[in-house]
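This report concerns only the one structure given below.
What follows is calculated from the coordinates using simple rules that are stated; it is not laboratory data. Nothing here was measured: the structure is a model prediction, and the numbers come from that model. Here the Cβ positions follow ideal geometry from the backbone for every residue, glycine too, while neighbour counts run over all protein chains shown.
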Amino acid sequence: MKTNLIIAIDGYSSCGKSTLAKALAARLQLIYVDSGAMYRGITWYFLENKIPVPLADELDVLNYDYSEILQPVEIAFQINRASGRSEIVLNGQNIENQIRNLEVSKWVSHVSAIKEVREKLVTIQQGLGKKGGIVMDGRDIGTTVFPHADFKIFMTAEVGIRAKRRFQELKEKGVNTSYNEILKNITERDYEDTNRKVSPLRKAKDAIELNNTHLDENEQLEFVLKKLEQKNLIETRHLTK
Ligand code: DC
């Protein structure tokens, strides 16, 4: 396998990017970083500290010094020994369970449109990938964070399928929500993420498109592993467990 491999996975909300990224990291023994968790973490911090969040048309009007607001914020990941999963820690507090709720989901696209937020998080993300051996998922990983990544995937799926999958997932976790509320949130985030001024969601020119509307988790993993093998980035033995 290529040493220092960097895999970038971008795409629309609730396309299964993190499911694919985690599966690839496990199969190829790479570090997995969920960049969306970082934007969610900052959003949680803003909500907790009642820091005003500008809407798209207010970005140039509101004159907050976001660099100063963000200065004391430290973000890191720690492995949960019981589950083996990587969890987000903000200023020493594990906030993994707080960042997936609908309130954070409602505001996160607005917070992630703030230039200073993106600058801070992109710097951290590039630091995490400095040595390679990493799979990172998000919206701007192949375009901004790692434009020279060895391998880039751009994920899409029909919005109704995405909402259905996310609804099922939240229901299983006991979160009280409705299909329509999720569909609305996904549609709004897709719009905000694609239309913001700084690092909007775009397919990188050299990214491979993966539409998983009709693929299950195993099929999408096999699809990507085969592409990696065709590009000589991994060996044939990685194709089978
Ligand atoms: O991956 P996610 O749905 O948990 O991400 C939450 C939000 O964070 C998403 O709607 C947009 C933002 N985000 C971003 O702007 N850039 C990234 N690299 C990752 C996420």
Self-check item: Length added when fully stretched, Lys184-Gln29, from 0.36 nm per residue minus Cα-Cα
Solution: 52.2 nm
Quiz item: Ratio of the stretch 150-195's C-alpha Rg to 2.2 N^0.38 Å, to two decimals?
Solution: 1.32
Exercise. If a/c stays under 1.5 just call it rounded; otherwise compare a/b with b/c (prolate if a/b is bigger, oblate if not). Do that for the stretch 69-136, with a ≥ b ≥ c from the square roots of the Cα gyration tensor eigenvalues.
Key: oblate
Exercise. Work out how much length Asp216 to Thr3 would gain on full extension: take 0.36 nm times their residue separation and subtract the Cα-Cα distance, in nm to one decimal.
Key: 73.8 nm
Self-check item: Choice from Thr144, Thr177, Thr187 with maximal GNM fluctuation in the chain (Cα, 10 Å cutoff)
Solution: Thr177
Self-check item: Dipole magnitude of the stretch 93-135 about its Cα centre (Cβ charges: Lys, Arg +1; Asp, Glu -1), debye to nearest 20
Solution: 160 debye
Quiz item: Dividing the Cα radius of gyration by the Kirkwood radius, what Rg/Rh value follows for the stretch 175-234?
Solution: 1.10
Quiz prompt | For Asp216, Asp10, Asp206, Asp34, order by how many other beta-carbon atoms lie within 10 Å, fewest first | solution = Asp216, Asp206, Asp34, Asp10
Exercise. Starting from the Cα-Cα distance between Leu59 and Gln71, subtract it from 0.36 nm times their residue separation and give me the gain in nm to one decimal.
Key: 2.4 nm
Quiz item: Rounded to the nearest 20 Debye, what is the dipole magnitude of the stretch 95-241 about its Cα centre when Lys and Arg each give +1 and Asp and Glu each give -1 at the C-beta?
Solution: 300 debye
Quiz item: Could you work out Rg/(2.2 N^0.38 Å) for the stretch 52-165, with Rg from alpha carbons only?
Solution: 1.21
Practice problem: Calculate how many DSSP beta bridges within the chain are antiparallel, expressed in % of all such bridges and rounded to the nearest 5. | Solution: 30 percent
Exercise. Compute the whole-percent fraction of alpha carbon pairs in the chain spaced more than 32 Å apart.
Key: 17 percent
Practice problem: Working from the alpha-carbon coordinates of the stretch 56-95, get Rg over Rh, Rh being the Kirkwood radius. | Solution: 1.24
Quiz prompt | Extent along principal axes [Cα atoms of the stretch 99-138; Å; largest to smallest] | solution = 35, 21, 12
Quiz item: Based only on Cα atoms, what Rg/Rh ratio does the stretch 135-175 have, Rh being taken as Kirkwood's radius?
Solution: 1.15
Practice problem: Among Leu170, His110, Leu201, pick out the residue whose Cα is farthest towards the positive end of the charge dipole of the stretch 97-241, where Lys and Arg carry +1 and Asp and Glu carry -1 on C-beta, about the Cα centre. | Solution: His110
Quiz item: So which residue, out of Val175, Val61, Val198, gets the largest mean-square fluctuation from a GNM of the chain using Cα contacts under 10 Å as springs?
Solution: Val61
Self-check item: Listed residues His214, His148, His110, most fluctuating in the chain (Gaussian network, C-alpha, under 10 Å)
Solution: His214
Exercise. With viscosity set to 1.002 mPa s and temperature to 20 °C, compute the Stokes-Einstein D of the stretch 25-112, Rh being the Kirkwood radius across alpha carbon pairs; µm²/s, no decimals.
Key: 150 µm²/s
Practice problem: With r as the distance between the Cβ atoms of Lys131 and Gln230 and R0 = 25 Å, compute the FRET efficiency 1/(1 + (r/R0)^6) and round to 0.05. | Solution: 0.50
Self-check item: Simple label model, 7 Å out from Cα along Cβ direction - Arg237 to Glu116, nm
Solution: 5.1 nm
Quiz item: Rounded to a whole number, what is D in µm²/s for the stretch 100-218 from Stokes-Einstein with the Kirkwood radius over alpha-carbon pairs (4 °C, 1.567 mPa s)?
Solution: 82 µm²/s
Quiz prompt | Whole-angstrom Cα spans of the stretch 100-170 along principal axes, big to small | solution = 37, 27, 17
Practice problem: Kindly put Leu170, Leu20 in sequence by how many other C-beta atoms sit within 10 Å of each C-beta, fewest to most. | Solution: Leu170, Leu20
Quiz item: Classify the stretch 35-76: rounded, prolate or oblate, from the alpha-carbon gyration tensor (a ≥ b ≥ c, eigenvalue square roots; a/c under 1.5 rounded; otherwise prolate if a/b is larger than b/c)?
Solution: prolate
Exercise. Compute the Kirkwood hydrodynamic radius of the stretch 1-72, taking the inverse of the mean of 1/r over all pairs of distinct Cα atoms, and give it in Å to one decimal.
Key: 15.2 Å
Self-check item: Least to most buried among Asp190, Asp57 (fewest other Cβ within 10 Å first)
Solution: Asp57, Asp190
